[in-house]
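Report on the structure given below.
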Amino acid sequence: MGLITSCVAIKPVAAPESPAIVEQTAPLTVFPITPTIKPYSRKPVIDSVDNNFVVSDEFVENSLKYKQYHDKVLDWKNQNEIE
């Protein structure tokens, strides 16, 4: 007894057209400008004794600039609904 085989050719069927999903979003606001840091003329941390630190003026100024920049980035994320 022999095996009977058959070959059936089926034409591919295209998927039905689905409507394009378009999400309307508002354009992003301008990203905050990265601050220009002041170069260090000496070591940032000059001295430390018992968790009391003496730091350079540049260190204080740069720390403040980066803190303000960080706050601006967080505000930018909130304004643009970015998690």
Taking the stated definitions as given, is Lys72 among the basic types (Lys, Arg) and modelled with pLDDT under 90?
-> no
Can you name every residue in the range 25-83 that is among the β-branched types (Val, Ile, Thr) and in contact with a Pro (Cβ under 7 Å, 6 or more places away or on another chain)?
-> Val55, Val73
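Rundown of residues vs (1) modelled with pLDDT under 90; (2) in contact with a helix residue (DSSP H, G or I) (Cβ under 9 Å, 6 or more places away or on another chain), yes/no style:
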| residue | (1), (2) |
| --- | --- |
| Met1 | yes, no |
| Thr5 | yes, no |
| Ala15 | yes, no |
| Phe31 | no, yes |
| Pro35 | no, yes |
| Asp47 | no, no |
| Asp50 | no, no |
| Ser63 | no, no |
Where Tyr66 falls short, out of the listed (1) closer than 26 Å to Leu28 by Cβ; (2) part of a strand (DSSP E or B); (3) not acidic (Asp, Glu) = (2)
Tally time: how many residues in the range 45-59 are surrounded by 11 or more Cβ atoms within 10 Å (Cβ to Cβ) and part of a loop (DSSP other than H, G, I, E, B)?
-> 1
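The values are calculated or read from the model by the stated rules, or taken from the named source; none is laboratory data. It should be emphasised that the depicted structure is a prediction, and the values quoted were computed from it without experimental measurement. So basically every Cβ, Gly included, is an ideal-geometry build from the backbone, and we count neighbours across all protein chains shown.
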